[in-house]
Structures are given as C-alpha cells and as structure tokens.
Amino acid sequence: MLVSSAIERPRETTPSLLYLNGVTVTFDGFRALDNLALDISHGEMRAIIGPNGAGKTTMMDVITGRTRPDSGEVLFDNGSIDLAKQDEAAIAELGIGRKFQKPTVFENHTVEDNVLLALEGDRTVRRNLFWRPNGHTERIGAILQTIGLKAQRDRLAGALSHGQKQWLEIGMLIAQNPKLLLVDEPVAGMTDAETRTTAELLRDIARSHTVIVVEHDMEFVRMLGVKVTVLNDGSVLAEGSIDEVSANQRVVEVYLGR
Amino acid sequence: MITRRLLEAPDGRGWQFLAILAAAAVVVPVLNVFVPQSSSFHVTTTTVALWGKYLCYALLALSLDLVWGYCGILSLGHGAFFALGGYAMGMYLMRQIGTRGSYAHPILPDFMMFLNWKELPWYWYGFNHFPYAALMIVLVPGVLAFVFGWFAFRSRVTGVYLSIITQALTFALMLGFFRNNFGFGGNNGLTDFYDLLGFSVRAPKTRAVLFSLSAVALGLGYLLAQAVVRSKAGKVLIAIRDAESRTRFLGYRVENYKTYVFTLSACMAGVAGALYVPQVGIINPSEFAPGNSIEVVIWVAVGGRGTLVGASLGAVIVNYLKTMFTAGMLAPYWLFVLGAMFVLVTIFLPRGVLGLLRRGQHPGNQPSAGADPSNARGLTPPAASGLAGSRASSTPSHSPCVGEGRLAQPAE
Amino acid sequence: MAAGGLAHAGSYEDALPAFTEDSLSDTGEAITKVAASGSPLAASLLEALSDARLIYSAAEKRVFIKTRSGALTDAATGREISGSPPADIDTVRVNNRLRIAIEAALGSLTLMAPDPKRRLDAAQAVFKSHQENVLPALEKALEAETDPRVRRVLSEARAAVLLAKQDTSAAAKIVAIQVVRDRGDLDALALLEGLPADLPPDVLAAANAASANIKNTLAAWDGVQNAWYGLSLGSVLLLAAIGLAITFGVMGVINMAHGEMVMLGAYTTFVVQEAIRAMAPGLFDYSLMIALPLAFLVAGLVGVVIERGVIQFLYGRPLETLLATWGISLILQQTVRTAFGPSNREVGTPSFMSGVVDLGGLAITLNRLWIIVFAGVVFAALLGVLRYTTLGLHMRAVTQNRSMASSMAINTGRIDALTFGLGSGIAGLAGVALSQIDNVSPNLGQSYIIDSFLVVVFGGVGNLLGTLVGALTLGVANKFLEPFAGAVLGKIALLVLVILFIQKRPRGLFALKGRAVEA
C-alpha cells in the first residue's frame, strides 16, 4: 500500500508516539520542509530515505528542538506534548535521543565517560556535583559489551576510528534509554561487515524501543526490513515496504533523475 | 562529606602544588619576621608583598581557567569581578580609617568630605563590619556574574560574542567607577588604608600574614575548583566546552551549568581581589580596564589552559617577568614581550608551559588546541558551517542569501 | 550722511577735549557726541578708543590716534603730526560700560556702511547693545536699507531699542516683542528675559509668552542639533567599524588590532603633514588627499603581514585569533609609542574643512560634515568592490565555501590576505578622518575597538547594511541619551542596552533568518 498524503487524525486520540502534521520550515525562502506529515507508532522502527536536501536532517532538527517549524504540529507521546514548544534539553529529557549524521562524541572524554554522561539520570547541576558511582560501572560495562568497545573503555573517544565513534554514539543512545531513538546515517563510512553488525544491533534495540533510522544505503535499509518513508523536497513522496517503494515510479525518478 | 570530596580531588601534581603552597605559607613569613635582616635567609617585606600579589593573581587566573579551560567561556571581563571584590575590601578598609583621615570625619571617608557629601550613601552601610564586607566580597561579584550569566547563557550568547560583551561589561563598570558621583572615590579610588581587623595593613607582620592567607586562599580555591572539575558536573562542563549542542541533546541544561560555573568563578575572583587590595594598598578604576582582563587570559594560556595548576603557574611566571622587565631599563620593551607572548603562545604553545612538560603523557582533560571546533564541526554539515548556519542551516542547500551587502557568516 | 555731517558740523571737534579729562563719565559723554557728530573721522576714533590706541595730552588738550603701524595722527584732522609728540601723553581709559557704549556707537556709525556684511554686523551689534541714542541712526538706516536680511536685523535692532527705552508705549513694546520673538535665538531670549519686571502687565505677559515660544523653538533646534551630532558620531563609528565588518563579519576573524590600524592611518596623516610642512607648505590643503592612499597602503600592508604571519595559522579558532591579535595590538601601540612618543601629535585641518556653517539654529562644523560625506563614500565604494569586482566575487566565494572555491582555482590564501588587507586598509582611511576630530596618540585605536565591535554585532554580523544602520543607530542613541544621563552615564546606558539587545537578538538587527543561535 502506498500512501503519499498525510493521514488525518484527530489530535486527542492520536495513539502514535510521534506525530508530525503540516510541518513547514523555510530558510530565507527555501522550503526545507513542506507540509510534512509523519506518524510513528509506539514500538515501531521506521527507515527514512531520500536524496540530498530532501529534508531528512531538518526533520530530525524539528523533532529534537533544534529548528522551530514555521507552521504545523509536532506531537509526542500520544499527542500529549507539543515538541515545537520545547527546547533541546527538555526534549531529550522527555525521552528522545539522537545520533548525529557525523558522529559527535566528546573527544576529550574517555569512552566510559561518554557513556556515563549519556546514562539516564538526573541532569541538574547539584546532583551531578555530588554524584557518586552506584552500580553504574556494571551498566556501562554492559553497554560497552553490546557495542563492542569494552577494550576501549579508558581510551579517549577522540582516538577512536570513525566506525567506533558511530558505535559509541549508538551506545550513548542506549545509555540514554529514550522512548524514541533518532539515528542519522548510522553506517556511513562502515565496512560491509560492520554494516551488518550495526543492522543487527539496531534491530535488537528496536525490540524494546521506537526507532527512526535515516539512511542513504538501500542495502542497509533492506537489512532492517521495516516500513520505509521516502522524503523528497521536504515532504513525503512514498511510504511502504522497501520493495514497494523501490518499485514506485516517482521514487525511481527522484533517485535516478538527479 | 564535602571535605572528603575536596580532599580526594587533587592528583599527584595537585598535591605537589598544595605542598609548595603550604610550605610557602609557613616558611616565607617566618623568614621575613623571625630571621634578622642581616641574614642571607631573610626575605624582605617588599618581596613578601610582591609574591603575595602574585598569589592573588594566581587565584584570579585559576578562576578564569575554571570557566575558560573547562567550560569554553572566554570571559574578557574577569578583571571586573576581581576589582569588585577589591572594592568591597577597600570599602571596609576605608571605614576603618575613622578620624585618622585628613578631614578627621568619624564616618565619611575623605573623598566624600572633599565632594561635600553630608552623609554616607546607603551602599556604604555595613561595611564597617568585617563579616558583612567579607560577605559582599563574594556576593557582589557572584550576583553580577549570576545575573549576567542568566541573561547571556539563556539567550545562548557564546564564543566571541560572549567575550565581547564581557569586555563591554568591564568597560562600562570602569567608566562608572571613574565618576565621582558613583561614590567609590572616582579616579583615585580607595587608598590610604590603616587597619584590617585591628592590625595595621602597613606593618610587616600583617603583610606576612596576608601573604600566608593568599597562599591558603589559592590552595582552597584550587581544591574547590579541582573538586568541581573532577565531579560528574565537571565532565559535563568539559562536554559543553567541546560540543555544546551535543550536551544539550543529552538533556543537560547547558545554561544552568554555565551560569553555575561562571558565578562560582566570579566569587573566587572576588576573593582574589579582596586579598590583593590590602597588600598593594590601593584599588582604583583602572583595575576594570579591558586590557587587564585580557592579560589574565594570557596568564592562563601561558601556564596551560585547562590545567588548574598551570593557570596559577602562568600567572606567577608572567607577572614575575613583568616585574623583572618594568623595574629595569628594559621597561619600554615589556609590551613587546607581552604582545609577543600572546602571539607565540596561541600559535606554538596552545597547551601552555604545563602542556609542554606533559607532552607525550596522557593528555587528560586538556582542551584541544582549537577553541571549540568540535562543536561546529560535529553538528553542522560542512556545506553550511557558517555562523548563520546555526540551527537553521542544517540543510546543505541553504545558502541563497548572498548579495545586497549581505555576506556569508564567519565560521565559529 | 553728508547732510547729518553738516548739521552737526563742529560738534566733533568740540567733543574731543573731553577725552583729555581722564574721567570715565566725560569720556562717556564724548563718545555719544562723537557718534552723533557724523564726522567721517568718528569711526576711526571710536575704534582707536576701543583698541586702547587713543592717546591724549592733558597739558595741550589734544587727542591723537595711534595708527596700527605706530604713527600718531591728530584726532581732530586725521593727519599725521609733525615733530615729536607732547611729553605727557597717555592712553584714554575705558571700562566695560564704556566699551558697550563704544560698540553701540560704532554700530550706529556703520549702519550705513556700503558693505552689506558690515551693515549686518552693525545691526547685530545694536541689537545686543540696544542703546537708546542709536535710535535716530537706526530709523534712518532702516529707511535707506534695501538688503532684506539687513533690513530684518535692523528692524529687530529697532525693536530691541524700543523695548529698552523707558518712554515707549505699551502697545509699541508689544509689537516690538513680537519682532524679537520672531528672531528666536539665544540673544532674543536673553533680551526678553532681561526686561525689567516693572513693565505694564500686558507687556510682561507678551514677553513671557514670547520667551516661552523661543524656548520651544530652541528646544526643537536642540533636537535637530543632537540628531546632527548623532549622525556625526554615527559616521565616525561607521568608519571605524566598516573595516571590522569585513574582517569579522566576512572572514570571521576577530581582529583586536583593528583599532591600531585606525591609529596607523592617523599617524600616516601626521607624517604626511610633517613632510608637507617641511618641503611644500603650499600643498597643506591637499595633505589629507595625499594621506588617504598612503594610509590605506600602510594599514593594508600591515594587515596583510598580520594575516600571513599570524592569523592564517588560526583560522577556525576565533578565541585564539582574538588573543593573538590583541598581542599584535600591544606591539603596534608600543612601536608607535617608541617612534613618535607617548603624547598627542598635532594634526592640522585643511582650510576647506575648518569653519562652521549656520543653518537656522543648527551649527554645522565643516570637518564633521566632511567626515559624514567621507564615511558614505567609503561605504558605497566598499559595497561596490564586494559586488562588482572579481576580488569581491572571490572573497564571497571563499567565505561561503572555502574548499569549493579552492577547487575552482581560486587561491584562497591570497584572497584571505587581500580581504584582511582591504579591511585593514579601510581602517587606515578611517584613521585619516579621525585624525581631524580626535587626539592622535598611540591609544587612539583602543577607544574605538569596543564600540566598533558593538556596532558590527548590533547590526548583524556579515551584513554591511546592518553595520551602517547599527553605526547610525548607536551614534544617534548615544547623543540623545547624553542630555539625560550625561556623557559617561549615557555611554554606560548604551552599553547596557546593547548588551541586553544582544541577549535578545544574538544575531543582531539584520540577522539572517533561521532560529536563534548555535555554538
């Protein structure tokens, strides 16, 4: 089934975790997002693809509070929270974690400290001034085990390879334990083997979390085996399984016509 | 518990530093007061006063390093907090003069008599009590920093913008304190002090004790700063320094952390200023001069930004050199040396003297040479890494905004 | 005048002996008589008296005028005396009261001079002194006057005299008050406020109304004058900030030594003027024109050297750049201090730039006017360079996408150096202009650096039009705050306002669109 228009749903009965409707963002006359609609259910994993400039990163920026939409709704948690009114920290505290397109870790901190900073917990100044480790070491160890960086525990994050940084960021996402994970190009610059491992890891995470993955790599998206949304020129072009969208004539045009 | 936190903070180098300070706090006054002047072990009162001054500068540098080295806030107005602490102490010392002034008025300081003022302005009330003055020494710089930080950090004024408005802040304060009707002695400032807690500030013994107190204050300041830096909150500060938005996306309220550390740092600078004033015997508006605040930055840079011991060391090194130069016939060349120091240290010695010593070792929490490049680099796609880039420009194709005198933005 | 002269023939000579009495009151009477005599010699005698060149001999009862060349002439005949002067000669004394009388008398004498400028000055003098005895001469002059401007001032002077006269009717005085009110300047106000309190009530009421009216008019002119001062300050800020808008706004380089580039420009002007004074004094009026290209070159070259020597190693590290350029500013200041000394240097003003033009109640100093024009020209030229030249195109290209520009065979290093040189060179030009209104000392640049940064930040970084608006806004705001708060508090208030503004709109007035800030 192909759906290329917004699914209209009354706001108060939205059962979805994330609900975007009519979202428009303009930069100096350029429409980065144009009447975008997106509906992510609880526990769903969704892949988002689209050519450069389709608005994928801007969409993430809107969800995480980095960019405020000119118009439209960005609702979280069954429509109970308007994300457009919150700032980044508040949104993160609500339970939305993000991995950036370019891996962004704290290069002057050790791998362990990176995960520690991401670990869910009180974010206030006072609590962190008098913070004491309390079972955190084991939890961090478990996460490092999952992302395969146990041996790198005391290395500076800046010294990691590109792929290791990607994983560390995924580890930080896991540590945050958010309700919704936004993962931007997790396998950019990874070898095929690493890509497969990452796909497995994400599928694993998706068992207990809601995940949105933005990716260029069609092979990787295929491995995830989830519903795909195709963005183009700031709005949804097509939605469906990977086979459905890759058979769609307009999607093919957008990808090959460039 | 707090004591425990303080004491477990220092590392090996930290303990060395504290040990040297403790030794100096005891040995120097003894050599000054109890060893006869004829002895070659005697330390002159001039030397004691000079090194006491250096220690105050070291505490000031420490406070700046806390915000700049660990949180990336390059304050070019820290001299203002130092001066405010100094003025608070100066006001106490003025009130202690009593009838010994030229006009012999029991309450009004000489400069107010000279201006024909009839009564003490309200903000001078209470400064005859030392505990009140001591409170103000910490409170006035702290409150100013808090209010300033509250506004600046909440509106996300960062980088050079923040530096420039801190510079404007100290400049505005300087203009104000230069005015007679501000009630702080105008041009001449506050001077001709007599007593501090009943001891003559001019007596060598008082000087020696002030020296020790400065060393103790520096030690405590170090312990406090080290405890903050070593805590998890300290890790957050460094995270903010290196990748501010990333930290925000993890749910930390960056503005609260910044306001907190900025205020703490201002309080420390205030204490440094308060100890400085009785040792040099004067506080005047030139302490607010923008150039002074910038000079503090070079002390930190020379010693090693992001290492608390380094910042203190840098303050002593630069000021010792300054004394050497400006005392002799090399005086006209001092500004060349200072200027060259700014240029050479930033280009060739981004980690300062301590970084040089530590080369090859584990770099610990030293900041990368750049200001906070990982910030811009990490979060904005390369095509739009301009200042305008900011949040809005995450779309690579955003840059159709040229012409009409509107040029692309500088990278930050 | 001939008729008048004939009518009082003889009284001039009759008045002279009174000057030999060495009595102030006799001298006073004599002044009135001389003025009324209509003698062609009267004016030169009164001028001599006022300049302490009137000599008398008590013994011979004779009066002499010492000419400006030092020779003695007989006041009665106007001819140079032969032989040696009498032994007991002395200068005729005058006091302030007499000086006023002399001025009034001279005023009435020159009321009919052939030169309209002299007649105008005389009428103004009479207005200020408003001595009763000038009235007849004034009436006569009014009748004969053809120049409308002089006529107006003459009638104002007549009104002033009528007001001062005891026996003028109340109605006439009220009419006179209207005339004085229409004049509307500070002198008119002083005249009205100085009226005695024992006048008839309706006259007093008219006078009060008139002076209130004048005050309002003056306040309005004050506002205009403030706006002018603000415009002038704004143009100075624009000149200082515009180079910074290039280096900071376009390149993202925080150049703390920018003020020193301005200082170098000012010192270049000084050196050029010294050279002209020594070698070709006739060219002095062209000294600024000669200094402009040189200042641009000097500051521009220093800028290029700084960029190649220091800044190119610090791109992408704005805070480090700030510190390094601060160090450079210290070095430049100390270099200039060593070379030229720490004190202020005298920079002269060419004749076409000195002077004041009155425009209604507005006094426009020519040097300020020229600086405003100059700032406008520099701004326009810079816009032109950026928009229409290859250099401008390359500059914008490098700014927006360094690697792309580089791959299109643009030598980015060269463009960086040239851009920085351009910004510095413009600062040098600003220095030439500022040398006309500010002290040329090694600290010259320091006083502009914070202000110019605020202008650039306030206007919106990377936006030259923003810099223009920012400079003018800050300039005018500063001058309008001053009367309320005083110069220093006004400045503080402005700094605080800008600080608050930056909090509110961290990207400045003309920020590019997009949401708020990001580090």
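Results, tabulated for the structure shown:
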read-out: Loop-located chymotrypsin sites (Phe, Trp or Tyr not before Pro) in the stretch B:1-74 whose Cβ has at most 13 other Cβ within 10 Å (DSSP); value: B:Phe34, B:Phe41
read-out: Most fluctuating residue given options B:Leu223, B:Leu55, B:Leu338, as computed from a GNM of chain B linking Cα atoms under 10 Å; value: B:Leu338
read-out: Label-to-label distance, nm, for residues given as C:Phe284 and C:Arg68 (7 Å Cα→Cβ offset); value: 2.0 nm
read-out: Aspartates and glutamates with Cα under 12 Å of A:Lys150, excluding same-chain neighbours fewer than 8 positions away; value: A:Glu112, A:Glu138
read-out: Viscosity 0.890 mPa s, 25 °C: Kirkwood-radius Stokes-Einstein D of the stretch C:237-447 over Cα pairs, µm²/s; value: 137 µm²/s
read-out: Nearest-ten-degree value, helix C:390-400 long axis tilted from longest Cα axis of chain C; value: 60 degrees
read-out: Kirkwood hydrodynamic radius of the stretch C:2-193, from inverse mean 1/r over distinct Cα pairs, in Å; value: 17.5 Å
read-out: Integer Hz, Karplus 6.51/-1.76/1.60 couplings in order for the stretch B:41-56, x for Gly and Pro; value: 8, 5, 9, 6, 5, 4, 4, 4, 4, 4, 6, x, 5, 4, 5, 5
read-out: Translational D in µm²/s for the stretch C:124-273 (Stokes-Einstein at 4 °C, 1.567 mPa s, Kirkwood Rh from C-alpha pairs); value: 67 µm²/s
read-out: Gyration tensor over alpha-carbon atoms, chain A, equivalent ellipsoid semi-axes in Å; value: 31, 22, 16
read-out: Largest-first principal axis extents of the Cα set of the stretch C:400-503 (Å); value: 57, 34, 19
read-out: Set C:Lys128/C:Lys479; C:Lys128/C:Lys215; B:Lys53/B:Lys235; B:Lys53/B:Lys118 screened for pairs whose C-alpha atoms are more than 27 Å apart; value: C:Lys128/C:Lys479; B:Lys53/B:Lys235; B:Lys53/B:Lys118
read-out: Cross-link partners of A:Lys227 among lysines (Cα-Cα below 17 Å; sequence separation of 8 or more within a chain); value: A:Lys56
read-out: For the stretch B:20-141, diffusion coefficient by Stokes-Einstein and Kirkwood Rh (Cα), 20 °C, 1.002 mPa s, µm²/s; value: 122 µm²/s
read-out: Given charges at beta-carbon only (K, R positive; D, E negative), |dipole| of the stretch A:113-258 in Debye; value: 740 debye
read-out: Pairs of alpha carbons in the protein assembly as shown whose separation is greater than 54 Å (percent); value: 39 percent
read-out: Cα Rg over Rh - the stretch C:74-127, Kirkwood; value: 1.15
read-out: If the convex hull is drawn through the Cα atoms of chain B, its volume per residue in Å³; value: 182 Å³
read-out: Residues C:Tyr388, C:Tyr315, sorted so that the one with the fewest Cβ neighbours within 10 Å comes first; value: C:Tyr388, C:Tyr315
read-out: For chain C, size of Cβ-based charge dipole, Lys and Arg +1, Asp and Glu -1, in debye; value: 2420 debye
read-out: Residues of type aspartates and glutamates that A:Lys85 reaches as a straight line, Cα spacing below 20 Å, ignoring anything fewer than 8 places off in the same chain; value: A:Glu12, A:Asp34, A:Asp39, A:Asp61, A:Asp70, A:Glu73, A:Asp77, A:Glu93, B:Glu255, C:Glu518
read-out: Of B:Leu60, B:Leu190, B:Leu308, the one that fluctuates the most in a GNM where chain B has Cα springs shorter than 10 Å; value: B:Leu190
read-out: Rh (Kirkwood; distinct C-alpha pairs) - chain C, Å; value: 28.0 Å
read-out: Pairs of Cα atoms farther than 15 Å apart, the stretch C:140-185, %; value: 43 percent
read-out: Over 23 Å [Cα-Cα, the stretch A:116-220], rounded percent; value: 31 percent
read-out: For the stretch A:33-104, alpha-carbon Rg over 2.2 N^0.38 Å; value: 1.09
read-out: GNM top mover of B:Pro131, B:Pro285, B:Pro109 - chain B, alpha-carbon springs below 10 Å; value: B:Pro131
read-out: Order of C:Ser108, A:Ser241 under a 10 Å beta carbon neighbour criterion, fewest first; value: A:Ser241, C:Ser108
read-out: Per-residue Cβ neighbour rank within 10 angstrom, fewest leading, B:Cys267, B:Cys56, B:Cys71; value: B:Cys267, B:Cys71, B:Cys56
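Any read-out appearing in this document is the output of simple, stated calculations on the displayed coordinates, not a laboratory observation. Everything numeric in this text was worked out from a predicted model, so none of it was measured. Because the Cβ atoms are built from the backbone with ideal geometry, glycine has one as well, and the counts that use them run over all protein chains shown.
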